[in-house]
Ligand code: ADP
Ligand code: MG
């Protein structure tokens with residue numbers, strides 16, 4: 001039973017390893033962040049499991065991560081006394097990529113180094129990043145609750161395969177031993193390691209320890225290694241805002257969001273009152289690679305009284321804000337909370353409402369204070385935000401204020417016009433917000449229905465994204481002004497129409513009565529009716545819909561969906 005077995009990596013692992021070694025060489029040091037963060041996760045998982053089975057901690061209850069380097073053997077060792085792994089867990093965690101969306105990730109790789117390395121970063125380089133600096137990696141692990149002779153050793157050179165064997169391991173937890181490549185020898189220096197740990201892992205709540213520098217005498221006496229913590233060991237979000245520097249917030253973001261870049265903005269709040277919680281919410285600069293996957297994208301971690309409970313707590317953030325990253329730490333939820341309990345829970349609901357408002361107001365403030373930065377945000381995440389008015393009726397007005405549109409006021413397809421801009425330009429006689437939805441910006445801009453609006457100098461919003469029809473069917477009003485599609489048949493311009501217009505219209509109707517009848521006959525049941533209009537100035541005819549009917553755009557969508 002003590003034999004070594006050799007297993008092949010899943011194809012995707014081979015690909016990922018290859019990509020990582022070849023595109024992340026300029027950012028080598030992140031291997032330590034990933035491995036220390038795994039060790040810290042292992043401690044979190046053990047603590048959580050021990051809530052229901054305290055014997056798991058046995059006599060080794062002080063959880064830690066230890067990092068050391070040995071220049072002679074050219075190894076770096078990262079050890080923890082966390083939850084460890086069973087043989088099956090080693091097989092799947094260190095032999096496959098179990099993440100959902102893996103295929104989609106690989107399909108998005110472009111071969112462009114900078115782009116791909118960012119994508120890999122967002123995908124989560126994780127454990128395999130060890131191979132950026134190591135030519136071979138040994139993992140020795142013993143699961144909590146398992147006997148000393150049930151431990152597992154995993155070894156791989158990061159090529160096609162890995163070896164497994166059963167070993168003896170005195171203590172619970174995992175040792176990761178990196179056999180460092182010659183071109184990464186700089187990381188064998190403990191000072192260097194220490195500075196990387198303080199940069200990335202200072203905020204972890206678990207102590208990260210390194211050997212205390214021994215003097216010559218102690219070395220000669222071959223004394224046992226003494227360890228000291230090199231991080232501050234306090235969870236960042238539990239500290240006072242005033243004591244946390246921007247750099248600390250940024251580094252923390254990179255760990256929680258697996259991003260290489262700084263966040264766009266963040267908000268750290270301690271909420272007291274009916275429910276008590278701390279939230280630390282970040283808005284990324286760039287879209288994650290799987291932003292369009294509605295199921296996957298929830299980046300909020302849930303903690304209860306500083307104990308990590310789960311990743312991707314979908315209940316804590318509405319889907320239209322799924323690009324937000326960060327965490328919430330509740331003082332009220334029970335530690336044994338499950339996804340089912342979260343589903344319908346007063347506390348969760350209040351955390352979700354509170355943080356939704358927080359994110360929306362953070363964005364409104366950005367839009368006001370830094371319109372250019374907001375525009376970048378909009379270009380990246382705007383389409384997702386457009387799901388908001390349908391999903392979150394209660395915050396409709398706020399979300400509407402954040403929307404940006406193309407419009408007839410400007411000569412560009414870029415969506416830069418806000419509803420406030422639109423209202424500010426509106427004449428006193430106008431009481432509606434006019435818009436058109438079409439397949440493309442050009443189709444919207446060139447639609448004959450706009451002719452009368454151009455003539456009367458009335459601005460019209462030009463919408464052409466797939467989601468726009470859905471959006472407009474849920475947006476009823478903004479600042480007490482209702483929305484009106486210009487392609488509706490019974491369009492009434494109200495006070496914008498003067499008497500002359502009306503007289504002209506009546507005269508035209510009379511004069512063309514015979515023609516409209518002939519048209520109606522020729523078109524048969526293809527149309528509901530044929531009318532004379534004063535809306536066109538350059539085109540002879542246009543197609544419109546009744547206000548109660550489905551818009552042509554919606555009809556197309558339904559047809560595409562097979563309805
Ligand atoms: P992630 O941390 O995003 O899940 P990783 O590639 O970093 O992905 O790690 C893969 C998995 O391997 C982890 O989810 C965890 O189950 C396991 N693992 C990695 N390192 C450790 C460790 N030190 N102790 C226990 N399990 C670990
Ligand atoms: Mg990890």
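The values are calculated or read from the model by the stated rules, or taken from the named source; none is laboratory data. Just so we're clear, the structure is a prediction, and the values are computed from it rather than from any experiment. Cβ coordinates were reconstructed from backbone atoms using ideal geometry, including for glycine residues, and neighbour counts include every protein chain displayed.
Number of residues in region 511-528 that are under 12 Å from residue 543 (Cβ atoms) and surrounded by 10 or more Cβ atoms within 10 Å (Cβ to Cβ) equals 3.
What are the residues in region 76-88 that are more than 8 Å from ligand 1 (Cβ to nearest atom) and in a strand (DSSP E or B), if any?
76, 77, 79
If you go through region 384-439 and keep only what is over 29 Å from the mean Cα position of the chain (by Cα) and farther than 20 Å from residue 465 by Cβ, you end up with 423, 424, 425, 426, 427, 428, 429, 430, 431, 432. Scanning region 116-141 for residues that are farther than 14 Å from residue 27 by Cβ and more than 12 Å from ligand 1 (Cβ to nearest atom) turns up 134, 135, 136, 138. Residues that are within 16 Å of ligand 2 (Cβ to nearest atom) and within 18 Å of residue 74 (Cα to Cα) within region 139-151 comprise just one, 139.
Filter region 289-308 down to the residues that are assigned to a loop (DSSP other than H, G, I, E, B) and modelled with pLDDT of 75 or more, then identify the one that is surrounded by the fewest Cβ atoms within 10 Å (Cβ to Cβ). Break it down stepwise before answering.
First, the residues of region 289-308 that are assigned to a loop (DSSP other than H, G, I, E, B): 289-298, 305-306.
Now narrow it down to the ones that are modelled with pLDDT of 75 or more: 305-306.
Numbers: 305: 12, 306: 15.
Going through the qualifying residues, I end up with 305.
Take residue 147 and decide whether it is touching a residue at least 24 places away in the same chain (Cβ under 8 Å), surrounded by fewer than 16 Cβ atoms within 10 Å (Cβ to Cβ) and more than 16 Å from ligand 1 (Cβ to nearest atom). So residue 147 fails the test. Where helices (runs of 4 or more DSSP H) sit wholly within region 398-456, those with at least 2 residues that are farther than 30 Å from residue 370 by Cβ occupy 441-445, 451-455. Each residue in region 113-138 was checked for being within 14 Å of ligand 2 (Cβ to nearest atom), modelled with pLDDT of 80 or more and surrounded by fewer than 22 Cβ atoms within 10 Å (Cβ to Cβ), and 2 pass. Residue count for region 32-49, restricted to those that are more than 11 Å from ligand 2 (Cβ to nearest atom) and buried (at least 18 other Cβ atoms within 10 Å of the Cβ): 5.
Of all the criteria given as (1) more than 25 Å from residue 114 (Cα to Cα); (2) within 16 Å of ligand 2 (Cβ to nearest atom); (3) in contact with a helix residue (DSSP H, G or I) (Cβ under 8 Å, 6 or more places away or on another chain), the one not satisfied by residue 16 is (1). Note on region 328-372: residues that are in contact with a strand residue (DSSP E or B) (Cβ under 8 Å, 6 or more places away or on another chain), more than 20 Å from residue 307 (Cα to Cα) and loosely packed, with under 15 Cβ neighbours inside 10 Å amount to 0. Right, residue 67: closer than 21 Å to residue 158 by Cβ, within 16 Å of ligand 2 (Cβ to nearest atom) and assigned to a helix (DSSP H, G or I) or not? The answer is no for residue 67. With respect to the conditions (1) within 16 Å of ligand 1 (Cβ to nearest atom); (2) part of a loop (DSSP other than H, G, I, E, B); (3) more than 20 Å from residue 143 (Cβ to Cβ), residue 72 falls short on a single one, namely (1).
The condition of being at pLDDT 95 or above and over 14 Å from residue 403 (Cβ atoms) holds for only one of 317, 362, that being 362. Taking the numbered list (1) touching a strand residue (DSSP E or B) at 6+ places or on another chain (Cβ under 8 Å); (2) farther than 20 Å from residue 185 by Cα in turn, residue 109 passes all entries but (1). Is at least one residue of region 83-100 over 19 Å from residue 151 (Cβ atoms), touching a strand residue (DSSP E or B) at 6+ places or on another chain (Cβ under 6 Å) and surrounded by 19 or more Cβ atoms within 10 Å (Cβ to Cβ)? No - not one qualifying residue is present in region 83-100. If you check residue 55 against the conditions, is it part of a helix (DSSP H, G or I), away from ligand 2 (no atom under 14 Å from the Cβ) and either over 30 Å from residue 287 (Cα atoms) or in contact with a helix residue (DSSP H, G or I) (Cβ under 9 Å, 6 or more places away or on another chain) (or both)? Yes, satisfied.
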